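*Asks:* Sharing a structure below in structure tokens format, with a few things to ask.
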Amino acid sequence: MHAVVIGAGIAGASVAYFLARAGARVTVVDAGVHAASSVPGALVNPVRGQSGGVDPRALTGMAFTWALLRDLAAAGFAVPHGQVGVLRPVPDDRARARFERNLPSALAHAWLAPGDAPARLSPGWAHVLHLPEGGWVDGPALTRALLAASGARVVRGRALDWSGREVHLSPAQGGLEHLQADAVVFCGGSVGVTWQAQGGRGGAGVHRMGTLLTLERPVTRVPVSFGAYLAPHGSGGVLGATFEAPAGSWAPEALPLGSLAWLLGRGEALSALGGVRVTGRWTGSRLSGLECGAEAGRGWRLTGLGSKGFLLGPLLASELAARVVGEAQA
Ligand SMILES: Cc1cc2nc3c(=O)[nH]c(=O)nc-3n(C[C@H](O)[C@H](O)[C@H](O)COP(=O)(O)OP(=O)(O)OC[C@H]3O[C@@H](n4cnc5c(N)ncnc54)[C@H](O)[C@@H]3O)c2cc1C
């Protein structure tokens, strides 16, 4: 079978990889306009946000992502990552109680005194939750590796419209105006869903922008996260957060000065930043409102991974790919 995947972020690259492993011939169409998956250092963190929410699939997703990284390495596609744990400092007993209510018993964890945490934290934290099975991954490196390992043909261009069997491209790519397929999977992320909505073809969800500062070296070897996060990445470190106001659509990347001040403040609250040089800045928009499955008359869809793109994206993509192939063969 021939499948066309629209979008080459972590969702699209993972779908392409698992479709190819199931025996499909895959073409990936990517506009190259904005990919949240280019986030330089992403956490693989099962305990989310400031309330400590844990997605029901978080443990399975986390194990799946680490196993995928091992499979890719064995196939010669090494991706910078570290399964080195994640630290979640909390400011007071109430926050700890909130986190504790959400922690599943199957999730390995320990509460530490701040002075015992395997990272030097700024003063003021009451407790630290240690999640030894978490870690970080280089987002663009993982996405590139999945695409390469899939062997998919990659077409640079925008899919203007599509059905479950045909994709129309704009501008025409090397004379190519449309692609025929046995299955079409849309993985367009924040920008793609915005284009869909602008074209009057549906598209819902909440879009949120955030920024990472890349650092010459990691401030901490074990990622630390509360409000913002400090983590290693492929060739240094990051300080980042998703903090702009939620919006109804994607907008071009921007970093208001006040947001920069906020980010630096949150970073200092986690750990002393003095002496570490900033080497760059990355701003991106993520889309919440998970949609994973068939879409009437338009094939399939994996969008709205929110802040869990690397925690849940590969797992959901593998399950979706199995359904796509199963239906094509039925
Ligand atoms: C600041 C920030 C920090 C984050 N930190 C983390 C983290 O620590 N851990 C974590 O797990 N997640 C994190 N995320 C979330 C994660 O980045 C996203 O969930 C994930 O990258 C979304 O992937 P995607 O493939 O759905 O979309 P994207 O990566 O946005 O990819 C969509 C791709 O589709 C293309 N496209 C769209 N429409 C079309 C079309 N019509 N035709 C052709 N191509 C099209 C786009 O050009 C783009 O390349 C963070 C996000 C942000 C913004």
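The values are calculated or read from the model by the stated rules, or taken from the named source; none is laboratory data. Note that this is a predicted model, so its numbers are computed, not measured. Here the Cβ positions follow ideal geometry from the backbone for every residue, glycine too, while neighbour counts run over all protein chains shown.
*Asks:* What's the number of the only condition in (1) in a helix (DSSP H, G or I); (2) within 11 Å of the ligand (Cβ to nearest atom); (3) touching a helix residue (DSSP H, G or I) at 6+ places or on another chain (Cβ under 6 Å); (4) of a type in the set (A, V, I, L, M) that residue 315 fails to meet?
*Replies:* Looking at each condition in turn, residue 315 falls short on (2).
*Asks:* Answer with yes or no whether residue 122 is of a type in the set (Ser, Thr, Tyr), surrounded by 12 or more Cβ atoms within 10 Å (Cβ to Cβ) and either free of Cβ contacts under 8 Å to residues at least 24 places away in the same chain or more than 20 Å from residue 234 (Cα to Cα) (or both). Give the steps one after another, and end with the answer.
*Replies:* Values: of a type in the set (Ser, Thr, Tyr): yes; surrounded by 12 or more Cβ atoms within 10 Å (Cβ to Cβ): yes; either free of Cβ contacts under 8 Å to residues at least 24 places away in the same chain or more than 20 Å from residue 234 (Cα to Cα) (or both): yes.
Answer is yes for this residue.
*Asks:* To continue, here is another question. Which of (1) surrounded by fewer than 17 Cβ atoms within 10 Å (Cβ to Cβ); (2) within 13 Å of the ligand (Cβ to nearest atom); (3) basic (Lys, Arg) is the odd one out, the single condition residue 48 does not satisfy?
*Replies:* (1)
*Asks:* Filter the stretch 293-312 for residues that are free of Cβ contacts under 8 Å to residues at least 60 places away in the same chain and more than 10 Å from the ligand (Cβ to nearest atom); which is nearest to residue 238 (Cα to Cα)? Show your work before the answer.
*Replies:* Here is the first cut: in the stretch 293-312, the ones free of Cβ contacts under 8 Å to residues at least 60 places away in the same chain are 293-294, 296, 306.
The next check asks that each one be more than 10 Å from the ligand (Cβ to nearest atom); those that pass are 293-294, 296.
Working: 293: 34, 294: 36, 296: 41 Å.
Selected residue: 293.
*Asks:* Mind checking which residues of the stretch 120-144 are out of contact with any Pro (no Cβ under 7 Å at 6 or more places or on another chain) and aliphatic (A, V, I, L, M)?
*Replies:* 129, 137, 142
*Asks:* Is it the case that the stretch 270-292 has a residue that's out of contact with any Ser or Thr (no Cβ under 7 Å at 6 or more places or on another chain), of a type in the set (Phe, Trp, Tyr) and either within 23 Å of residue 91 (Cα to Cα) or within 11 Å of the ligand (Cβ to nearest atom) (or both)?
*Replies:* No.
*Asks:* Go through the stretch 29-39 and report how many residues are buried (at least 24 other Cβ atoms within 10 Å of the Cβ) and more than 6 Å from the ligand (Cβ to nearest atom).
*Replies:* So the count comes out to 0.
*Asks:* Tally time: how many residues in the stretch 183-230 are among the basic types (Lys, Arg) and either closer than 28 Å to residue 292 by Cα or without any contact (Cβ under 8 Å) to a residue 24 or more places away in the chain (or both)? Can you show your working first?
*Replies:* Initial filter on the stretch 183-230 (among the basic types (Lys, Arg)): 201, 208, 217, 221.
Imposing the further condition that a residue be either closer than 28 Å to residue 292 by Cα or without any contact (Cβ under 8 Å) to a residue 24 or more places away in the chain (or both) reduces the set to 201, 208.
So the answer is 2.
*Asks:* Do any strands (runs of 3 or more DSSP E) lying entirely in the stretch 142-240 carry at least 1 residues that are at pLDDT 95 or above, within 13 Å of the ligand (Cβ to nearest atom) and under 29 Å from residue 262 (Cα atoms), and which ones are they?
*Replies:* Details: elements: 153-156, 158-162, 166-173, 176-180, 183-186, 206-215, 224-226, 228-233.
Per the criteria, 206-215, 224-226, 228-233.
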